[in-house]
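The values are calculated or read from the model by the stated rules, or taken from the named source; none is laboratory data. None of these values were measured; they are calculated from a predicted model. Cβ sites come from the backbone with ideal geometry, for glycine too, and all protein chains shown count toward neighbours. Remember, those area values only see protein heavy atoms, side chains included, never the ligands or the DNA or RNA. Shrake-Rupley method; radii C 1.70, N 1.55, O 1.52, S 1.80 Å.
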Amino acid sequence: MANVGLQFQASAGDADPQSRPLLLLGQLHHLHRVPWSHVRGKLQPRVTEELWQAALATLNPNPTDSCPLYLNCATVAALPSRVSRHNSPSASHFISRLVRTCLPPGAHRCILMVCEQPDVFASACALARAFPLFTHRSGASRRTEKRTVTVEFFLVGQDNGPVEVSTLQCLVNASEGVRLAARIVDTPCSEMNTDIFLEEISKVGKELGIAPTIIRDEELKTRGFGGIYGVGKAALHPPALAVLSHTPDGATQTIAWVGKGIVYDTGGLSIKGKTTMPGMKRDCGGAAAILGAFRAAIKQGFKDNLHAVFCLAENAVGPNATRPDDIHLLYSGKTVEINNTDAEGRLVLADGVSYACKDLGADIIVDMATLTGAQGIATGKYHAAVLTNSAEWEVACVKAGRKCGDLVHPLVYCPELHFSEFISAVADMKNSVADRDNSPSSCAGLFIASHIGFDWPGVWVHLDIAAPVHAGERATGFGVALLLALFGRASEDPLLNLVSPLDREVDAEEGDVGRDSKRRRLV
């Protein structure tokens, strides 16, 4: 599936499936609503109307099913007929699976995606996940032909007219963001080190007309970024804090997305074992998702101030590596006693959120990270974990996840009970918990929040995406669709407005984190 051009078109046109293989995909009751006149030109002369109807009659999704229509050139596949309340109505995870297994081979192929209008965004992002960009297979390097997959949406139900041009452009930008994030996460550290990650940030900045702010190496130390510097100082390629800032005229609030960009995590001197270290190239998944989402959000007309903050480091072993018992002074001004060098993500993010608060003046801070292995136990392989000081934003993250396919489930937010896990006799806190059986994913997020303060009046959202950032050995680009959906109301794009769960303004609940009830702006 690598090195495939993905195109979204209002109409894919007609073609003999022997020359352009075809996959028809949707929920069974939606597939039954597709008139033969619409698919005839994509199936004839190989498939008759009788064969098409017979294929639909044989499908019995449990949870999915498929039926070949003509050799390996045309296939119809059915998604689950219904999903549970914690899943996306689009059944997006099954879309990606069916495309990987059922899309016929060929240089130029077509997917006819049948769904309702509210599921278009999630379906497009799910399709993008099925076509990763990174590969070093020798056969791929010898292949010279350009391969394309053309996607056409057939809408059923209400608002079932043709897909608008503006919607298609939004789908292009979102899918490119998903594939960009997945490519970065799939690329090994021998190629995707901090230097190259900065080049990726600069490329996006140049495309958007934004010059990145970059603080590197010894400058991090002198300016007080003890978390990022301490984690990355032993690596060949030095650590960095990079920022892309979008500041449009008329903006009324400031949002910061802060991404964990650990390009490789050996665990440091608290080194990982031989079975747990493979795959740690994925520890930059939060920063990669923020880069992909930032690119798409700005292209789709983001109306508020938006800062993408990248906390980049390689957690390497060497003579200059941080030792357990070392004490670091972080950008917040707080001191941290290191008792586990493998709990490094929270250190770089603590510097990132402090910078977003102190230097960028953010009203809303979202940090995204592959932070804890415990996340996969707490919320599973498919659902990211959300920890936030706002009840409204907790609900919004869950709703946005269902609308876009990047699923989310809440963690316990209770700093008065959990933050005592970090007590230190010689510093303001330790960086790892005393009791690993006491909600470690919540505690890890609280460590980050403590560096802006639990009484901070703004909105803080922490998203732990450790498990859903990959499916098997492939990155998913998880997080791009979630950020675009969550902040859809800050966009000029009608599709992102549709999938956003937030209104421009809501009432905050009294006593959420000890604050008085007040009007709090959302996006």
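Note on LYS381: lysines with a C-alpha under 25 Å away, same-chain residues under 8 apart excluded, are LYS260, LYS272, LYS274, LYS281, LYS399, LYS403. Using a probe of 1.4 angstrom and keeping all protein chains present, the accessible surface of the chain works out to 38 square angstrom per residue.
With respect to the chain, whose longest principal axis is taken over its alpha-carbon atoms, helix 194-208 is tilted by about 60°.
Counting only protein heavy atoms and using a 1.4 Å probe, the accessible area of TYR382 comes to about 90 Å². Here the relative contact order of the chain, from alpha carbon pairs under 8 Å that lie six or more residues apart, stands at 15 percent. Each peptide in 289-302, 71-84, 466-479 gets a packing score, the mean of other Cβ atoms within 10 Å over its residues, and the list from highest to lowest is 289-302, 466-479, 71-84.
First obtain the Kirkwood hydrodynamic radius of the range 324-473 from its Cα pairs, then insert it into the Stokes-Einstein equation at 20 °C and 1.002 mPa s, and state the resulting D in µm² per second as a whole number.
Values: Rh = 15.5 Å.
So the translational diffusion coefficient is about 138 µm²/s.
Counting DSSP beta bridges with both partners in the range 13-115, what percentage is antiparallel, nearest 5?
Details: 5 of 16 bridges.
Just about 30 percent of them are antiparallel.
Rounded if a/c is under 1.5, else prolate if a/b beats b/c, else oblate: with a ≥ b ≥ c from the C-alpha gyration tensor eigenvalues square-rooted, which is the range 318-405? It is oblate, given that a/c is not under 1.5 and a/b is not larger than b/c. Peptides 230-238, 41-49 ordered by packing proxy, namely the average of other Cβ atoms within 10 Å per residue, highest first: 230-238, 41-49.
As a fraction of the 1.4 Å probe accessible area of the chain, surface on carbon and sulfur atoms comes out at 49 percent. Apply the Debye scattering formula to the chain, with a single equal point scatterer on each alpha-carbon and no solvent, then give log10 I(q)/I(0) at q = 0.06, 0.13 Å⁻¹. Once normalised to I(0) and log-transformed, intensities are -0.28, -1.20. Contact order, relative form, for the range 221-310: 43 percent (alpha carbon pairs under 8 Å, 6 or more residues apart, mean separation divided by residue count).
Among DSSP beta bridges whose residues both lie in the chain, state the antiparallel percentage, nearest 5. Don't jump to the answer; show the numbers that get you there.
On the way: 29 of 82 bridges.
Around 35 percent antiparallel, to the nearest 5.
Can you tell me how the range 277-347 classifies by the Cα gyration tensor, rounded, prolate or oblate, using a/c under 1.5 as the rounded cut? Cα axes put the range 277-347 in the oblate bin.
Provide the FRET efficiency to the nearest 0.05 for the ASP325-LYS381 pair, computing r from the beta carbons and using R0 = 30 Å. Don't skip to the end; give the middle numbers.
Numbers: r = 35 Å, r/R0 = 1.17.
So, using R0 = 30 Å, E works out to roughly 0.30.
What does the charge count near ASP159 come to, summing +1 for each Lys or Arg and -1 for each Asp or Glu among other residues with Cβ under 12 Å from its Cβ? Local net charge: -3. Seen against the Cα atoms of the chain and their longest principal axis, helix 285-299 is set at about 60 degrees. Considering only CYS115, VAL178, GLY232, and ranking their Cα positions along the charge dipole of the range 111-255 that arises from unit charges at the beta-carbon of Lys, Arg, Asp and Glu, the one farthest toward the positive end is GLY232. A 1.4 Å probe over all protein chains sorts THR252, THR213, THR101 by accessible area into THR101, THR252, THR213, starting with the largest.
Charge dipole of the chain (Cα centre as origin; +1 on each Lys and Arg Cβ, -1 on each Asp and Glu Cβ, all else neutral): 1600 debye, rounded to the nearest 20. A dipole drawn for the chain from +1 and -1 charges on Cβ atoms has a positive end, and of VAL151, CYS397, PRO324 the residue lying farthest that way is VAL151. If R0 is taken as 35 Å, the Cβ-Cβ distance between VAL395 and GLU218 corresponds to a FRET efficiency of 0.20.
At 10 °C and 1.306 mPa s, what whole-number value in µm²/s does Stokes-Einstein give for the translational diffusion of the range 169-210, with Rh from the Kirkwood sum over Cα pairs?
Working: Rh = 11.2 Å.
Reported coefficient: 142 µm²/s.
Tell me whether the range 458-501 comes out rounded, prolate or oblate; compute the Cα gyration tensor, take square roots of the eigenvalues as a ≥ b ≥ c, and use a/c under 1.5 as the rounded threshold. Walk me through the numbers before you get to the answer.
On the way: a/c = 4.04, a/b = 1.64, b/c = 2.46.
Because a/c hits 1.5 or more and a/b fails to exceed b/c, the range 458-501 counts as oblate.
Rounded to the nearest 0.05, what FRET efficiency do LYS206 and ILE271 have when you use their Cβ-Cβ distance and R0 = 41 Å? Taking R0 as 41 Å, the efficiency between LYS206 and ILE271 is 0.60. Rounded to the nearest 5, what is the percent of antiparallel bridges among the DSSP beta bridges in the range 231-328? The antiparallel fraction comes to roughly 40 percent.
Can you tell me the convex hull volume per residue for the range 67-135, based on C-alpha atoms, in Å³ to the nearest whole number?
On the way: hull volume 7.5 nm³, N = 69.
Cα convex hull per residue, to the nearest whole number: 109 Å³.
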